[in-house]
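The values are calculated or read from the model by the stated rules, or taken from the named source; none is laboratory data. None of the values given here were measured: they were computed from a predicted structure. No Cβ is skipped: glycine too gets one built from the backbone with ideal geometry, and neighbour counts run over all protein chains shown. Just so you know, the surface numbers come from the protein's heavy atoms only, side chains and all, with ligands and any DNA or RNA stripped out. Shrake-Rupley method; radii C 1.70, N 1.55, O 1.52, S 1.80 Å.
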Amino acid sequence: MPQGPDLKSKWKGVFPAVATQFKKDQSLDLDATARHLEVLIDSGVAGLIMLGSLGENTSLEPEEKLRVIQTAVKAAKGRVPVLSGVAECTTAAACRYVGSCERLGVEGFMVMPPMIYRADAREALAHFRAVEGATGLPWMLSNNPISYHVDFTPGMFAELADVKNLVALKESSGDPRRITDLHNTVGGRYAIFTGVDDLILESAVLGIDGWVTGVGTAFPRENQYFWELTRASLWDEALQFYRWFTPLLHLDVHTKFVQYIKLALQECGLGAEWVRAPRLPIIGKEREQVLDIIRRGLESRPSLS
C-alpha cells in the first residue's frame with residue numbers, strides 16, 4: 001500500500017466541526033463565529049473544520065460560505081489550519097468551491113459525497129477523484145452513510161490510495177469495527193479520524209489519529225482534556241471522564257444534532273441557538289429534556305485543575 005504524503009502527519013488531534021453562528025433573523029453572525037473560534041483555538045485544538053454538517057453548509061448561499069471561510073482564516077491567523085467542508089450537490093459545484101476556498105487561504109478540505117443524490121460506489125469514487133483534481137491542498141474524506149446514504153468502505157479507500165493529497169478519512173458509520181477493518185485494509189496510508197462523539201473512547205482504544213468533534217465545541221477544555229487522556233493511554237481516567245461526558249456526547253447523534261449542540265453552546269456562553277430554516281430551535285418537552293442533559297453536565301462538570 002503506497003504511503004500518503006508527509007503532510008498526513010500534521011492531521012492529528014482534535015479538529016472540531018464548528019457551528020456557523022446566526023442572528024435571530026437567520027443572518028450570519030460572523031463576529032460571534034470568530035469569538036467562538038478564539039475559544040476553540042485557546043483550548044488546544046489542532047485544526048478547525050468550517051461548514052461541515054454542524055456548520056449548516058447546505059443552508060448557506062455560496063457567497064455566505066466564502067464569508068464564513070474568510071472570517072475563519074482571519075481569526076485563525078495561521079495558528080491552526082482552517083479546513084472547509086465541501087457539501088455540494090454536483091461535482092462541478094464542488095470543484096468550483098474548492099478553488100474559491102483555496103484562493104481565500106484555507107489549508108485543506110473535508111469532502112463529503114454529493115448531496116441529495118445517493119451515488120453508488122462508482123459514482124462516489126468518480127466524484128472524489130474529480131474534486132481531488134481541482135485542488136492541490138490536502139483533504140479528508142468524510143464517510144457518514146447514516147446521514148449521506150453513501151457508504152465508503154475500507155475497500156473503496158484502498159482504491160483511492162493513489163490520490164496523493166487525500167491524507168485523512170473521517171469514519172462516521174457508527175460501527176467501531178470499521179476502524180480495525182480500516183487498519184487491516186489501508187493501515188498507515190491515511191490519518192484516521194472518528195466523527196461520532198459517543199464512540200470516541202471505543203475508537204481511541206482501537207487506534208485513531210484524530211477526532212472531528214461536535215459537542216466538544218461547547219465544552220472545549222473538557223474535550224481537549226479527555227482527548228489528551230486517550231493520547232497518554234490513561235484508560236482508567238479516561239473511562240471515568242467518559243461516563244460524565246457521554247450523556248452530552250449523545251447529543252451529537254440525533255437528527256437534530258445541530259439544534260442540540262447550538263443549544264449547548266448557548267448554555268455554555270459560547271454562542272446562540274439560532275439555526276437557519278428549515279431547521280427551527282427546539283421547543284416544548286424536547287427542549288426541556290435537552291436542557292436537562294446540558295445543565296446536569298454543567299453542574300457535575302469535573303475539575304480540570
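Structure notes:
- Qualifying residue in region 222-233 (condition: open to solvent by 20 Å² or more (accessible area, probe 1.4 Å), assigned to a loop (DSSP other than H, G, I, E, B) and more than 14 Å from residue 302 (Cβ to Cβ)): yes
- Test for residue 19: is it touching a helix residue (DSSP H, G or I) at 6+ places or on another chain (Cβ under 6 Å), part of a loop (DSSP other than H, G, I, E, B) and more than 24 Å from residue 123 (Cβ to Cβ): yes
- Within region 247-305, tally of residues that are among the hydroxyl-bearing types (Ser, Thr, Tyr), under 22 Å from residue 195 (Cα atoms) and outside any helix (DSSP H, G or I): 1
- Within region 234-251, residues that are touching a residue at least 12 places away in the same chain (Cβ under 8 Å) have Cβ atoms under 8 Å from residues that are open to solvent by 20 Å² or more (accessible area, probe 1.4 Å) and part of a loop (DSSP other than H, G, I, E, B) in these pairs: 241/302; 244/300; 244/301; 244/302, counting only partners at least 6 apart in sequence or on another chain.
- Residue 171 vs. criteria closer than 30 Å to residue 297 by Cβ, acidic (Asp, Glu), at pLDDT 95 or above and surrounded by 19 or more Cβ atoms within 10 Å (Cβ to Cβ): yes
- Checking each residue of region 97-113 against the condition of being assigned to a loop (DSSP other than H, G, I, E, B) and among the β-branched types (Val, Ile, Thr) gives at least one match.
- Residue within region 45-52 that is closer than 16 Å to residue 17 by Cα and part of a helix (DSSP H, G or I) present: no
- Verdict on residue 39 being of a type in the set (A, V, I, L, M, F, W, C) and open to solvent by 40 Å² or more (accessible area, probe 1.4 Å): yes
- Pick from region 66-83, criterion in a helix (DSSP H, G or I) and of a type in the set (Gly, Ala, Ser), ranking: farthest from residue 33 (Cα to Cα): 76
- Top-ranked residue in region 252-271 [being within 17 Å of residue 300 (Cα to Cα) and in contact with a helix residue (DSSP H, G or I) (Cβ under 6 Å, 6 or more places away or on another chain); ranked as most open to solvent (accessible area, probe 1.4 Å)]: 267
- Residues that are surrounded by fewer than 19 Cβ atoms within 10 Å (Cβ to Cβ) and not basic (Lys, Arg) within region 62-79 comprise 62, 63, 64, 66, 70, 78, listed in sequence order.
- Selected residue (criterion: farthest from the chain's Cα centre (by Cα)) from residues of region 151-173 that are closer than 16 Å to residue 123 by Cβ and in a loop (DSSP other than H, G, I, E, B): 160
- Flag if residue 202 is under 30 Å from residue 298 (Cβ atoms) and either charged (D, E, K, R) or open to solvent by 10 Å² or more (accessible area, probe 1.4 Å) (or both): yes
- Being free of Cβ contacts under 8 Å to residues at least 60 places away in the same chain and not in a loop (DSSP other than H, G, I, E, B) is a property that holds for residue 94.
- Every residue from region 174-191 that is under 28 Å from residue 250 (Cβ atoms), not in a helix (DSSP H, G or I) and not charged (D, E, K, R): 174, 176, 190, 191
- Scanning region 151-166 for residues that are touching a strand residue (DSSP E or B) at 6+ places or on another chain (Cβ under 8 Å) and either farther than 12 Å from residue 186 by Cβ or open to solvent by 30 Å² or more (accessible area, probe 1.4 Å) (or both) turns up 151, 165.
- Region 114-150, subset in a loop (DSSP other than H, G, I, E, B) and of a type in the set (D, E, K, R), residue most open to solvent (accessible area, probe 1.4 Å): 118
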